[in-house]
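The structure appears right after this line, and notes come after that.
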Amino acid sequence: MREALHAFDQERLVEATERALEQGYSPQDLLEGLTEGLREVGDRFEKGELFLAELVAAGEAAKKVIAEYLKPMLEGGGEGEPLGHIVIGTVAGDIHDIGKGIVGMMLFTAGFEVKDLGVDVPAEMFVQAVREEKPDVIAMSALLTTTLPMQRETIEALEKSGLRNTVKVIVGGSPVTSEWADEIGADGYAEDAVGAVKLVKEILGIRE
Amino acid sequence: MIENPKIGLFEIFTRDDIYRIHTATLEVLERTGVRVEEESALKLLASIGSDVDLSRRIAKIPQNVVEEAIRNSARTIHFAGRSREDDIRLEGKRVNFGPGEGATSILDCQSGIIRPSTKDDTVKAVKLADALDTIDFVMPLFTAQDVPKPVMPLHDLDAALRNTEKPVMVVDFGLEANYLIDMAAVVAGGRERLKERPLLGMYSEPVSPLTHGKSHVRNLMTFANADLPIVYIPSPACCSTAPATLAGAIVQSNAETLSGNVIAQFTRKGAKFIYGSDTSLMDQRTGVFSYGCPEWMIFNLAMAQLGRHYGLPTWSTGGCSDSKILDGQATFEAGLSLFIAAASGANLIHDVGSYLNFGLTGSLELLTICDEMLSMIAYILRGVEVTDETLAVDIIDKVGPGGHFITQKHTLEFLKKEHWLPGLFDRQMRNNWVKSGSRDLLKRAGEKTEQILSAHQPVPLPADVNKELDKTLRRSEKEILGHQPKT
Ligand code: B12
């Protein structure tokens, strides 16, 4: 499985998983192995040994295996919780998808469960996601000067619905600065995807 | 403006390449189609024979429709300045240059500090662009970070309209386009006058791959109806929003801009549509969208050639860099991309001197340096004039073997009109260079920029127009924000 993951090959990873399950490996072990493998992939990307497309391909393959094979078998009895739950999205009026996707993928490879709400996500949808998913962190991306205010509005909407204290909020995207993050009362800002992983670990008190 | 029909343009495709790219593009539009988020545009596409799936919002556009739209397009576009001397024409091999709009920060090259850009920076950028000879049209360069953010585009336009007489182009940020047109109409003297003197153009983008966003399509249609110039070009990145192969990314880019043209031409026949793309690469180590890579420059050449093949006025990009500071990388990437853009023959080249840091940081000094590079490039592309007089056989005979030409009348007669003189690049003898302060390019560019900004006063708007523009801006702000912003 490790080999398939590092070959960024979804089909091979699925086959390897099926084979491993037949051979009697427990889904729990496989999940742990996969998580470990993903972390290696993330590290190698950070060191510049892997390309982005490879990181994303490995991540997508692992996601599929976890969602379609391992998760259903583990339901109820599973251990090895993810490091935390993240809900990520690009704010209303903004359709820039790539940076947000990469941040989500890096968080996933680092061991977090990531729910991606997509792009052009209105404040109410973030609020609803907090209510339903009870994530540890909301991550908001904005790439346009004109959509930056939606990050503030989303935080205000969380306050209004009384949920602000239940969740950490981080923001990012090229026009975002740490001053802006402070001004709107976010819990943190990171410049890129590697920084986002460090930031989330820091604000959730997860030691490396 | 650079125009030299004599010099061959830098073209990369054979006729066969163009044919294959064109047919592949038609296949994409007919087989895969495009997603159109705006219902009125979907219905329009259905009414002209596209196969439309309203629930998935997909329109598959038949070949004949795409080609009819190309035939209906404006072949030549008059882009007006506030004064007639500043009018430009987009056609043939005329290449016009202007800054971009988008940087959110400014690099002060003398102090090395990068800070969020303000409306005052935009005013300065526009004044500088107004003063520089090689700049033919003006975009605001920065986006003001110190005004109420949802109405930032109106302030960028405001700064531009007040501080230059050259044609103005602004970015469609998704705000209802009539807000922009209203402001330009004030300057032109009403909506009808604006049609005669189209002094505002808009730049908008589809969302790659193959999607036309709601507000951008609406604004495309609004501009088409207003008969104003509209740039509608995609900005996909190889390996993320476009295929990894260059030819594949070109086919997709072509399909995206041409399907925009279908919407424009069937909204209003003869719409002033400007064709092109700003296709580049997602860097595989950092994910950034590169504004300096060689792939991007090839795409610029490719799209200029395709657009010319279709007989459409074309848009391109140059004078930018991925570097964070104004260093050797920045001047090389900016200079090379400007040369490529100029030699591509595209009609409007934007982002000149506007982007460091792949689009996020602007620098006035870079614009000043690009002006110098452009004047050099224009000189090169002018080529060599070949006449009896310039062949100079008589003078060569007169001077003969072993003599010199310094004192010849022929020399004195031609030295000014035949040669390029640097305004910023240094050719001093070393000692004099040291005596005058050992100033490097950056330092000199900073000084020249300062000088221009303190000496140049753009022609102001008449007092009543100024007032009316103020009123229009305030009214629009109030409508958009729901309240009057604090000033
Ligand atoms: C590609 C691109 C597009 C594509 C997007 C395609 C897609 N599917 O995503 C298209 C062509 C559709 C597009 C459209 C527009 N764009 Co655009 N776009 C870009 C471009 C060139 C690159 C963005 C990108 O993908 N970068 C690569 C990724 C990896 O980087 P990133 O997004 O910055 O993300 C990283 C970090 O910011 C961070 N991060 C991101 N999100 C988050 C979230 C959190 C929580 C954290 C911690 C970190 C984090 O980590 C990421 C990974 O390292 C930028 C220029 C630039 N240099 O950013 C302009 C840019 C953002 N766009 C701009 C503009 C103007 C537009 C349009 C208005 C153009 C138009 N007229 O139509 C439209 C708006 C559409 C809309 N409603 O949103 C301007 C914005 C200017 C401004 N001041 O606001 C920019 C800056 C270009 C410019 N210089 O003019 N765009």
Considering only residues of the range A:175-207 that are β-branched (Val, Ile, Thr) and free of Cβ contacts under 8 Å to residues at least 60 places away in the same chain, which is nearest to the ligand (Cβ to nearest atom)?
A:Val176
Does B:Ala69 qualify as being in contact with a Phe, Trp or Tyr (Cβ under 9 Å, 6 or more places away or on another chain) and assigned to a loop (DSSP other than H, G, I, E, B)?
no
Qualifying residue in the range B:189-196 (condition: more than 14 Å from chain A (Cβ to nearest Cβ) and either in contact with a Leu (Cβ under 9 Å, 6 or more places away or on another chain) or within 15 Å of the ligand (Cβ to nearest atom) (or both)):
yes
Scanning the range A:35-58 for residues that are within 14 Å of another protein chain (Cβ to nearest Cβ) and β-branched (Val, Ile, Thr) gives A:Val56
So how many residues does the range A:85-113 have that are at the interface with chain B (Cβ under 10 Å from one of its Cβ atoms) and free of Cβ contacts under 8 Å to residues at least 40 places away in the same chain?
3
Breaking point among (1) within 14 Å of chain A (Cβ to nearest Cβ); (2) of a type in the set (Ser, Thr, Tyr); (3) in contact (Cβ under 8 Å) with a residue 24 or more places away in the chain, for B:Thr279:
(1)
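Yes or no, residue by residue, for (1) loosely packed, with under 15 Cβ neighbours inside 10 Å; (2) over 22 Å from A:Lys100 (Cα atoms):
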{"position": "A:Phe8", "(1), (2)": "no, no"}
{"position": "A:Glu15", "(1), (2)": "yes, yes"}
{"position": "A:Leu21", "(1), (2)": "no, yes"}
{"position": "A:Leu38", "(1), (2)": "no, no"}
{"position": "A:Arg44", "(1), (2)": "no, no"}
{"position": "A:Ala58", "(1), (2)": "no, no"}
Being under 18 Å from B:Leu154 (Cα atoms) and within 11 Å of another protein chain (Cβ to nearest Cβ) is the filter; apply it to the range B:197-227 and report the residue that is farthest from the ligand (Cβ to nearest atom).
B:Ser215
Here is a list of conditions, (1) farther than 25 Å from B:Glu447 by Cβ; (2) within 14 Å of chain A (Cβ to nearest Cβ); (3) crowded, with 24+ Cβ neighbours inside 10 Å, and B:Ala341 meets all of them except one; can you say which number that is?
(2)
Of the residues in the range B:262-309, those that are away from the ligand (no atom under 16 Å from the Cβ) and crowded, with 24+ Cβ neighbours inside 10 Å come to B:Val262, B:Ala271, B:Lys272, B:Ala302, B:Ala304, B:Leu306, B:Gly307
Being surrounded by 17 or more Cβ atoms within 10 Å (Cβ to Cβ), closer than 15 Å to B:Asn261 by Cβ and not charged (D, E, K, R), is that true of even one residue in the range B:14-24?
yes
For the range A:156-174, check the following and say yes or no: at least one residue is modelled with pLDDT under 95 and within 9 Å of the ligand (Cβ to nearest atom).
yes
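The rows are residues; the columns are (1) within 16 Å of the ligand (Cβ to nearest atom); (2) modelled with pLDDT of 95 or more; (3) within 25 Å of A:Gln151 (Cα to Cα).
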{"site": "A:Glu32", "(1), (2), (3)": "no, no, no"}
{"site": "A:Leu52", "(1), (2), (3)": "yes, no, no"}
{"site": "A:Ala61", "(1), (2), (3)": "no, no, no"}
{"site": "A:Ile66", "(1), (2), (3)": "no, no, no"}
{"site": "A:Leu74", "(1), (2), (3)": "no, no, no"}
{"site": "A:Ile86", "(1), (2), (3)": "yes, yes, yes"}
{"site": "A:Val119", "(1), (2), (3)": "yes, yes, yes"}
Tell me which of these B:Ser240 doesn't satisfy, since it passes every other one: (1) surrounded by 24 or more Cβ atoms within 10 Å (Cβ to Cβ); (2) within 13 Å of chain A (Cβ to nearest Cβ); (3) over 22 Å from B:Phe13 (Cα atoms).
(1)
Out of (1) surrounded by fewer than 24 Cβ atoms within 10 Å (Cβ to Cβ); (2) within 12 Å of the ligand (Cβ to nearest atom), the one A:Val103 does not meet is (1)
Taking the range A:19-78 and keeping residues touching a Ser or Thr at 6+ places or on another chain (Cβ under 8 Å) and hydroxyl-bearing (Ser, Thr, Tyr) leaves A:Tyr69
Hey, among A:Glu179, A:Glu191, A:Glu156, which residue is within 10 Å of chain B (Cβ to nearest Cβ), surrounded by fewer than 18 Cβ atoms within 10 Å (Cβ to Cβ) and over 26 Å from A:Ile66 (Cα atoms)?
A:Glu179
Please count how many residues of the range B:452-468 are part of a loop (DSSP other than H, G, I, E, B) and either of a type outside the set (A, V, I, L, M) or closer than 17 Å to B:Leu364 by Cβ (or both).
5
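The values are calculated or read from the model by the stated rules, or taken from the named source; none is laboratory data. From a predicted model like this one, the values you see are computed outputs, not experimental measurements. Here the Cβ is made from the backbone with ideal geometry for all residues, glycine too, and neighbour counts use every protein chain on show.
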